[in-house]
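Asks: Sharing a structure below in structure tokens format, with a few things to ask.
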Amino acid sequence: MSLPTEQEADMRVGALYCACPASLPRANVTDNRLTLAAGFGLAVLAQALVLTVLPEQSRLIAPTVARIGWPFALMLIGAALASFPAAMLVDSFGRRAAFGLGASLGAAGGALAAFAITKGNFFGLCLGAFWLGLAQGFALFYRHIAAQGSAQGSLTVLAGGAVAALLSPLVVALAGSPALTLMAASGLHIASLSLAVRMPHALGHAAAPSVANRLSRGFVLATIAGAFAWFVMSAGMLHGPLTLAVCAAGPAFIGGAMGWHLFSMYGPAAVASWLPGLFPPLPALGVGGVVMIAGASGVYAGASIAGVTLGLLAIGVGWGVMNVAALRLLHDSARPSRAALALHDLCLLGAAAAGALVF
């Protein structure tokens, strides 16, 4: 196989070269929004299934009350730890390798968590949740990849999560048991893997953003606001299903409530992808924060099934509005570096893990 002249000039003894197809120009590979949205939607649906059963199953098999939040927290810690590997792998080894690795971890994690539930093995459930979190950390990078073409692309990808969340109650009902629900989540990650292998191997080289871009005021504000949103969302997402179970809500109702909660999280992105003028970044951050605090008050009050459900929906809407604003602050003016995006996601997911641990 002959190599281009410029490649031959760069070759030296001991150097490693990829036998994959040559990198494509950025313009040819950053606009496959539908594939990215579909992959993200499958990951969100898998997440919805896991969140439907994980809090209650953790409560049933946890050895002590203090450890009930461990599986959920480990899932978020796994997502946080995946931030930097996902960022480095996406352009260095290609989307196909990065997202394929994440989907594989999710498939294994879902199967292990299902097995752990059937055997009552709490630590197996913790490990499976951690692997599922690693997969989620990789999947979150779909939105950053879409934003390489335009900030609007990341909103389109988030909108895919809204569509997927609506299917959650149906899948939970068809599965019929917590273990089968987790196996369905594993199958969704396998479906995501089938999409990942259709993506380009790598991107063409692009100029690295300056330090000023990476540490801009918009980046700092988006990270702080996003961390707050993820902290409140995580605490409410763990506390809500447990409170509904205590209030004698059935599994089908809890599954439906979590599905609508996730739809409310990603629904604002679907609206913003069509009408971005409705979400000016700074006002959206303020409004979203107020709505989230009001929703968290309803969830923690635990006065009734209806109150908790409405609180979960309010938390989801506030989270969605704040994340739309944060994405626009991140990507509207300048494209941050991969390391900066990884740091951003690490802060968000670290805050989410903290919220799960102090719920």
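Asks: Whole-Hz ³J(HN,Hα) for each residue in the range 278-295, computed from phi via Karplus 6.51 cos²θ - 1.76 cosθ + 1.60 with θ = phi - 60°, x for glycine and proline: what do you get?
Replies: Computed from phi, the couplings for the range 278-295 are 6, 10, x, x, 5, x, 5, 4, x, 5, x, x, 5, 5, 5, 5, 5, x Hz.
Asks: Using the per-residue mean of other Cβ atoms lying within 10 Å as a proxy for protection, in what order, highest first, do the peptides 102-109, 291-298 fall?
Replies: Output ranking for 102-109, 291-298: 102-109, 291-298.
Asks: Taking the Cα-to-Cβ direction at T118 and at L170 and moving 7 Å from each Cα, how far apart do the two end points lie in nm?
Replies: 2.7
Asks: Shifting gears a bit: Based on the alpha carbons, how large is the Rg to Rh ratio for the range 233-325 when Rh follows Kirkwood?
Replies: Reported Rg/Rh, Kirkwood definition of Rh: 1.02.
Asks: Counting other C-beta atoms within 10 Å, and keeping those with at most 14, which DSSP coil chymotrypsin sites (Phe, Trp or Tyr not before Pro) do you find in the range 234-315?
Replies: Passing sites in the range 234-315 do not exist.
Asks: Sticking with this one: Just read off the accessible area of M183 with the full protein assembly in place, 1.4 Å probe, to the nearest 10 Å².
Replies: That residue has around 90 Å² of solvent-accessible surface.
The values are calculated or read from the model by the stated rules, or taken from the named source; none is laboratory data. Since the model is a prediction, treat every value here as computed from it, not as a measurement. Because the Cβ atoms are built from the backbone with ideal geometry, glycine has one as well, and the counts that use them run over all protein chains shown. Accessible surface is based on the protein model in full, side chains and every heavy atom, while ligands, DNA and RNA are left aside. Shrake-Rupley method; radii C 1.70, N 1.55, O 1.52, S 1.80 Å.
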